[in-house]
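Data block below; observations after.
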Amino acid sequence: MSAIRVFPEWRGKDLDGMLHAVVELLDDTEFPTVKRWREAGGKVVGHFQVYFPEEIAHAAGMLPFKMRGAPIEPKHADSHFGSYLCSILKTSLELVVSKRVELELFVTHPICDAARNLAAVFGRNFPYPCQILYLPQNATSPAARTYLAGEYARVRDLCGEIAGVTVTDEALRNSIAVFNRNRELLRKLYAIKRETPWQVAMHEAYALVAVGGLMPREEHNELLEAVLPLLETRERKKHDRVRVVFEGGFCEQPPFELIRAIGRSCYVVDDDLLIGLRWILEDLPVTGDPLDALAWGYLERSSYSPVQHDPRKQKEDMLLKRVRESNASAVILAAAKMCEPGLEEQVAYVHALDEAKLPYFVTEFEENMTSYDTLEIQLETFVENLLFV
Amino acid sequence: MRITAGLDVGSTYTKAVIVDEYGAMIGRAIAPTGFRLTEVATATLAAALGETGRTANDVAYVVATGSGRHQASFADIQVTDLTAAARGVTKLFPNTRTILDVGGQTMKATRLTPDARVHSFRLNDKCAAGTGAFLEKTARYMGYSTEEIGPLVDTSKGSTSISGVCAVFAESEVINHLSQGVAPADIMHGAIVSLVGRSVQLMKRVKLEPEFTLIGGILRFEAMGRVVREALKADVNVPEGDLVQYVSAYGAGLLAQRRLDVLGSSGAAKATA
């Protein structure tokens, strides 16, 4: 269990003060919590989107840092990538090249051609290990679970080597318990979004989730344990707004101001923003083989995204399920510019929504965009056409 | 009788309209927006209610619109100027298919569906060119106030070309024309022609269709409607008198009535705190 705490700013404050501190942290492109962790002697695993079994890094005593790009100019990274590639690749590299964050290990995944090459690009620029975690392409193969547990064992050994420790099963089980608690708290946050969306603005909920990738998970748990009861009893005006699902935030993240703008127009009652931090849907067993438990969770108790291909979870069916379960009446279909998986999936989503006669709003975004006025008005006009039939 | 309120918190003026369940405007008020938007919205609403003898507690639903709509957080809902204007305009001119709204800081062209929904829209760029601010600055360079623009243009004998529609650079052009002895009325007329040129371009970008209706504070100046008619070679609707400034607020009040109808028929209760 980590005793290091890196985010004191929220402590001792009222709800608005805590939320303000969380938003400030998310806005800070110098990543102060990661720096504090290193100053305290900690080591950092930077893991690229979408999913990484953070429990393994945690059990090795390392900080799993979620690399989700940043609203920064990729001054150096632009020279490493073609202009036709998405922004998050460039800004994630820029974070490290510019020494905003420093790592001891970098892990990416073959979620798309561009992300698959990230390990090689990082490896040419930094002396530490830069690895690809090969999550199974065929989730229904009988060998998938065993294969994935083997991949996780490789990551475990690598983390242990870098941290200078032997990562025991007991340590892994303890980490799973910490993350189970985190998953439970995030489920509660999403229940508030779903059931009383006026109690928590879209950008507030997003910030509360996102900062989990910037601090020890025990500390994130403490933060959520303090904030959630206050959110539940918060007195906020219930506006007359359309309930929508936001789809398209699984990898590159929309700019925070855009998230804020969307939340002004409608109640976003469910979404796939930072889905990797909420990938496992249920508590994992804290007995038995922990790597097998993590592999089982990834394959059998997980959410969905355009970069995991599992015939049991057709994305359009999963989206309709998400809409149904959140009692939403419309969908925002977004995709990051140049994101092939995201843009391809929009086609299937549109067909499914048309068939289900569910209204939807299609748009694109980029993490470095700065003007949201037109997009916000388009979205508002869309929801107004639903409200004033 | 069920009454609702529409609030248009615009960049220059805030307008409030009280609407009864038959869609009639039974009270209205206007005030400069300034920079305390919540306060001015509350005060303008109270002033409009004052005309009706009703109180804030009698208002069944409030819709806020305009650029400062989110500052009127006491409203039940905030809607865009586009939707509010569409509803207000089609109440006044039911066959409208294209709206041009020229306000103090913005210009919007909207094409409507036959059932008065927003089909497509275009906004001006983020500068004062093509908005009321351009006319105001041009007038100010020549020593005239905003309220003198209308009477000044009425004395014009022809328009002088204003090529630069940038509100900042127009100053040197205006000074140049004045130094050459051009009448201020003709310069002002030229500024209106220049503004209308941009307006018509914006309307073309939404694939304009008749009937056309013009709204917004700038339409207070009769010359504006006349020049648009000449540019489009078609008739245009312009709400009479100062009603032209209240169209979006009126539309917001009508939307409030409509929303109550929808909520009532669906059995849903109005959102409350």
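The values are calculated or read from the model by the stated rules, or taken from the named source; none is laboratory data. Treat the numbers as computed from the prediction; the structure is a model and nothing was measured. Note that we place each Cβ from the backbone using ideal geometry, even for glycine, and neighbour counts take in every protein chain shown. All accessible areas refer to the heavy atoms of the entire protein, side chains included, with ligands and DNA or RNA removed. Shrake-Rupley method; radii C 1.70, N 1.55, O 1.52, S 1.80 Å.
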Exercise. Report the one residue of A:Leu25, A:Tyr360, A:Gln253 whose Cα lies farthest in the direction of the positive end of the charge dipole of chain A (charges on C-beta: Lys and Arg +1, Asp and Glu -1; origin at the Cα centre).
Key: A:Leu25
Exercise. Calculate how steeply helix A:169-195 sits against the longest principal axis of the alpha-carbon atoms of chain A, using the helix alpha-carbon long axis, and give the answer as 0 to 90 degrees to the nearest 10.
Key: 10 degrees
Self-check item: Cα centroid of region A:69-138 to Cα centroid of region B:185-216, whole Å
Solution: 50 Å
Practice problem: Post the alpha-carbon centroid distance, region B:1-56 to region A:348-373, in whole angstrom. | Solution: 35 Å
Quiz item: Accessible area drop of at least 40 Å² (1.4 Å probe, protein heavy atoms): which residues of region A:353-389 qualify, relative to the chain alone?
Solution: A:Ile377, A:Glu380, A:Thr381, A:Glu384, A:Asn385, A:Leu387, A:Phe388, A:Val389
Quiz item: Under a 1.4 Å probe, what is the accessible area of region A:227-278 per residue, stated in Å²?
Solution: 28 Å²
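About the Cα centre of region B:94-236, how large is the charge dipole given +1 on each Lys and Arg Cβ and -1 on each Asp and Glu Cβ? Please answer in debye to the nearest 20. It would help to have the intermediate numbers written out before the result.
Values: 17 positive and 15 negative charges, 121 e Å.
For this selection, approximately 580 debye.
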Self-check item: Whole-Hz couplings from phi, Karplus 6.51/-1.76/1.60, listed for region A:227-244; x for Gly and Pro
Solution: 7, 4, x, 6, 5, 5, 9, 5, 9, 10, 5, 8, 8, 8, 10, 6, 8, 10
Practice problem: Based on the mean of other Cβ atoms within 10 Å per residue, sort peptides A:373-384, B:33-44, B:253-264 so the most packed one is first. | Solution: B:253-264, A:373-384, B:33-44
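For region A:107-171, rounded, prolate or oblate, judged on the Cα gyration tensor with a ≥ b ≥ c (square roots of eigenvalues), a/c < 1.5 rounded, else prolate if a/b > b/c? Please list the in-between numbers first.
Details: a/c = 3.85, a/b = 1.03, b/c = 3.74.
Oblate, since a/c reaches 1.5 and b/c is not below a/b.
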Quiz item: Which of the residues in region B:61-97 show a loss of at least 40 Å² in accessible area from their chain by itself to the complete set of protein chains, at a probe of 1.4 Å?
Solution: B:His70, B:Asp76, B:Ile77, B:Thr80, B:Thr83
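Starting from the residue with the highest accessible area, list B:Ser145, B:Ser161 in decreasing order, probe 1.4 Å. Present the calculation step by step, with values, prior to reporting the outcome.
Numbers: B:Ser145 55, B:Ser161 85 Å².
Per-residue accessible area, sorted high to low, gives B:Ser161, B:Ser145.
Looking only at other chains, what is the average number of their beta-carbon atoms within 10 angstrom of each beta-carbon in B:195-208? Please report the intermediate quantities before stating the final value.
On the way: counts 0, 0, 0, 0, 0, 0, 0, 0, 0, 0, 0, 0, 0, 0.
The shielding value for this peptide is 0.
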Quiz item: Helix A:290-300: angle to the longest alpha-carbon principal axis of chain A, degrees 0 to 90, nearest 10?
Solution: 30 degrees
Practice problem: Using a 1.4 Å probe on the heavy atoms of the protein chains only, list every residue of region A:239-279 that has 10 Å² or more less accessible area in the complete assembly than in its chain alone. | Solution: A:His239, A:Asp240, A:Arg241, A:Arg264
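Once the Cα gyration tensor of chain B is diagonalised, what are the square roots of 5 times its eigenvalues, in whole Å and ordered largest first, as equivalent ellipsoid semi-axes? Before the final figure, lay out the partial values.
Details: eigenvalues 248, 78, 44 Å².
Ellipsoid half-lengths, sorted descending, are 35, 20, 15 Å.
In Å² (nearest 100), what accessible area is buried between A and B, both sides summed, heavy protein atoms only, 1.4 Å probe? Don't skip to the answer; put the middle values down first.
Values: alone 15940 and 12520 Å², together 26350 Å².
Separately minus together, A and B give about 2100 Å² buried.
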Quiz prompt | Whether region B:94-236 is rounded, prolate or oblate, judged on the alpha carbon gyration tensor where a/c under 1.5 counts as rounded | solution = prolate
Quiz item: With the calculation restricted to Cα positions, what are the radius of gyration and Dmax of the protein assembly as shown in angstrom?
Solution: 28.8, 94
Quiz item: Based on the alpha-carbon gyration tensor of chain A and its eigenvalue square roots a ≥ b ≥ c, which shape applies: rounded if a/c is under 1.5, prolate if not and a/b is larger than b/c, or oblate?
Solution: rounded
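Leaving ligands, DNA and RNA out of it, report the carbon-plus-sulfur percent of the accessible area of chain A at a 1.4 Å probe. Present the calculation step by step, with values, prior to reporting the outcome.
Values: 7440 of 14850 Å².
Carbon plus sulfur share of accessible area: 50 percent.
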Exercise. Any chance you could give the angle, 0 to 90 degrees and rounded to 10, that helix A:373-387 forms with the longest Cα principal axis of chain A?
Key: 60 degrees
Self-check item: Apportionment of accessible area to carbon and sulfur, chain B, percent (1.4 Å)
Solution: 52 percent
Quiz item: Just the accessible area per residue of region B:94-236, please: how many Å² with a 1.4 Å probe?
Solution: 45 Å²
